[in-house]
Amino acid sequence: MSTATHADSLFSRNLNKHYPIAVRGEGCWIIASDGRRYLDASGQAAVVNIGHGVAEIGSAMAEQSSRIAFAHTTQFHSESAEKLAARVLAIAPRNFRNGGRVYFTSGGSEATETAIKLARQYFLESKQPSRYRVVSRKQSYHGSTLGAMSVSGNVGRRAPYAPMIPEWGHVAPCFCYHCPFGKTYPECNLACADDLDAFLRANDASSVAAFLFEPVVGATLGAVPAVDGYTTRIAEICRKHGILVIADEVMSGIGRTGKPFASEHWGLEPDIILTGKGIASGYAPLGAVLVAPRLVEAFEKGSAAFMHGFTYQAHPVATAAGNAVFDYLEAHKLFERVASACDTLRKSLSRVESHPHVGRVRGLGLLMGVEFVKDKATREPFPKEAGIAEKIRQAAFDKNVLLYPGQGTVDGVRGDHVLLAPPFIIQAQECEQIAEGLQYALNTVFPLDSAESFL
Ligand SMILES: Cc1ncc(COP(=O)(O)O)c(C=O)c1O
């Protein structure tokens, strides 16, 4: 069979695009079938925390698979799932420690679906049947299934499916660089957090079950962390209205921001945490929902049976991959490495910060974003049609550096950024190569500006 026939069989992300075949991974590098080596500056989509091609992970998966690959969770647990649940709880914020539980899924979207339904059933178990809505934020992403799309505030990703998704309410993001209220932190007195309170007062808080948000907004805004004080105010507002706090840490969890969970940067103790991506570092499809003890207790005292499930939840081989990734993270002290790797990458990126079209280099730990603007002084974005983020991605790709582009940074339509989320093992020389790739991309996409004012 010809290669063309094979390529035509897969329903790819974009049917007009040609995709190289990835055949091998080595640390921060992906090697294609033509021998070309790509530096994975974004850990693909902030997934590959420990690096590519770690043979121990595959061995652990093969070992689990050869003993027992699958047993249905209606009838059995597996040692690997039970062990991983305990390990995840051991690194979770303190409120999860005594009596918390973990529900494993096959990815982030399923984790969001699970959290939405869990919040709903928690209120049924707690005899508050009016509560079902999950309020979230504009300019956010929580997954691609219809339930997860309903809470997502990513304009582009929602648009085609708008008639099919319920609207439970989206409040303002916490985004100082393009503050939706035109205010400045800290004089703003956290107007964005108070937007939740105003929304709840105006929109029947008694029907709301939970507030769901990303403590560090990943793909939609390009690595924008909450400002100090934001999560505390949010938690107060949620407690006041009797609703649950759900932190979506699918991207920011499992060490990516320098702490096991980003919530811990601000002492946030959510009722539910969603995670995914780095939990198995891409070696297996895996997501997780961490459930705080008081929610578990409500189920125990009530029906005890969560009316929800997936055939592949808590999969023995996927959770074996998760355990092997945890072993690797511990053996190589990789959580501890994030802060210094972040400093090194920041230093390398200082060479692009002065570019007239680089508005901001930002982020937390190894979850970083670079936002491009038309006018640095006014922060005015490029028009959508200019397709800047994709052009930057393509130019960096030509230099063998892989970036994760995003558009709609400012308001869901205008604005461009790229996300940087390399594996925690990134070395200084590779940080330099990322900066060189980005510099090359800037010079390619903005050739006239760059000649004198940059380099
Ligand atoms: C914050 C966040 N939540 C949820 C998801 C959905 O995860 P998945 O693509 O694994 O379904 C993503 C994916 O990018 C994400 O970044």
Using 0.36 nm per residue of separation minus the Cα-Cα distance, give me the extension gain between D204 and T232 in nm, one decimal. 7.8 nm
Using DSSP to call loops (not H, G, I, E or B), can you name the chymotrypsin sites (Phe, Trp or Tyr not before Pro) in the stretch 142-189 whose Cβ has at most 12 other Cβ atoms within 10 angstrom? F181
For the chain, what does -39500 (n - 2.57) per DSSP helix run (n ≥ 4), summed and divided by total residues, give at 222 nm, in deg cm²/dmol to the nearest 500? -11500 deg cm²/dmol
Relative contact order as a percentage, the chain, C-alpha pairs under 8 Å and 6+ apart, gives 22
Tell me, what are the semi-axes, in whole angstrom and largest first, of the equivalent ellipsoid of the stretch 72-195 as set by the roots of 5 times the Cα gyration tensor eigenvalues? 31, 20, 16
Could you tell me the accessible area of V216 in Å² (1.4 Å probe, neighbours in place), rounded to the nearest ten? 0
Going by accessible area, probe 1.4 Å, with all protein chains left in place, what is the ranking of L364, L403, largest first? L364, L403
Starting from the Cα-Cα distance between H6 and H77, subtract it from 0.36 nm times their residue separation and give me the gain in nm to one decimal. 21.7 nm
Other-chain or far-sequence residues with amide H under 5 Å of R360's (modelled H): E371
Accessible area per residue, 1.4 Å probe, Å², for the chain: what's the number? 43
Could you give me the ³J(HN,Hα) list for the stretch 383-399, computed from phi with Karplus coefficients 6.51, -1.76, 1.60 and θ = phi - 60°, whole Hz, x at Gly and Pro? x, 4, 4, 5, x, 4, 4, 5, 5, 4, 4, 5, 5, 5, 4, 4, 8
³J(HN,Hα), Karplus 6.51/-1.76/1.60, whole Hz, each residue of the stretch 320-332, x for Gly, Pro: 5, 4, x, 5, 5, 5, 4, 4, 5, 4, 6, 4, 9
What are the residues whose amide H is under 5 Å from the amide H of G287, where those residues sit 5 or more places off or on another chain and H is modelled from the backbone? T105, S106, G107
Express the C-alpha Rg of the stretch 204-296 as a ratio against the empirical globular expectation 2.2 N^0.38 Å, rounded to two decimals. 1.10
Using the Cα gyration tensor of the stretch 1-57, the equivalent ellipsoid's semi-axes, largest first and to the nearest Å, work out to 24, 14, 11
In whole Å, largest first, what are the principal axis extents of the Cα atoms in the stretch 6-124? 53, 33, 31
Would you give the gap between the C-alpha center of the stretch 153-181 and the C-alpha center of the stretch 204-271, rounded to a whole Å? 16
Return the tail of the calculated pair distribution for the stretch 228-351, meaning the percent of Cα-Cα pairs more than 16 Å apart. 71
Quick tally, 1.4 Å probe accessible area for L402, L15, L200, sorted with the most first, runs L15, L402, L200
With all protein chains present and a 1.4 Å probe, the order of H265, H357 from largest accessible area down is H265, H357
Modelled label reach - S354, point 7 Å along Cα→Cβ, the stretch 415-448 residues with backbone N closer than 16 Å: 436, 439-440, 443
Expected vector for the stretch 202-214, Karplus 3J(HN,Hα) from phi with 6.51, -1.76, 1.60 and θ = phi - 60°, integer Hz, x for Gly and Pro, equals 8, 10, 6, 4, 5, 9, 9, 9, 7, 10, 10, 8, 8
How long are the three semi-axes of the equivalent ellipsoid for the chain, computed from the Cα gyration tensor as the root of 5 times each eigenvalue, in whole Å, largest first? 34, 29, 20
With the stretch 341-455 reduced to its Cα atoms and the Debye formula applied, log10 I(q)/I(0) at q = 0.12, 0.22 1/Å amounts to -0.37, -1.30
Name the residues whose placed amide hydrogens come within less than 5 Å of the amide hydrogen of R137, ignoring near sequence neighbours (fewer than 5 apart) on the same chain. V171
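The values are calculated or read from the model by the stated rules, or taken from the named source; none is laboratory data. This one's a predicted model, so the numbers in the text were calculated from it and none came from an experiment. Note: ideal-geometry Cβ built from the backbone for every residue, glycine included; neighbour counts use all protein chains shown. For accessibility, only protein heavy atoms count, side chains too; no ligands or nucleic acids. Shrake-Rupley method; radii C 1.70, N 1.55, O 1.52, S 1.80 Å.
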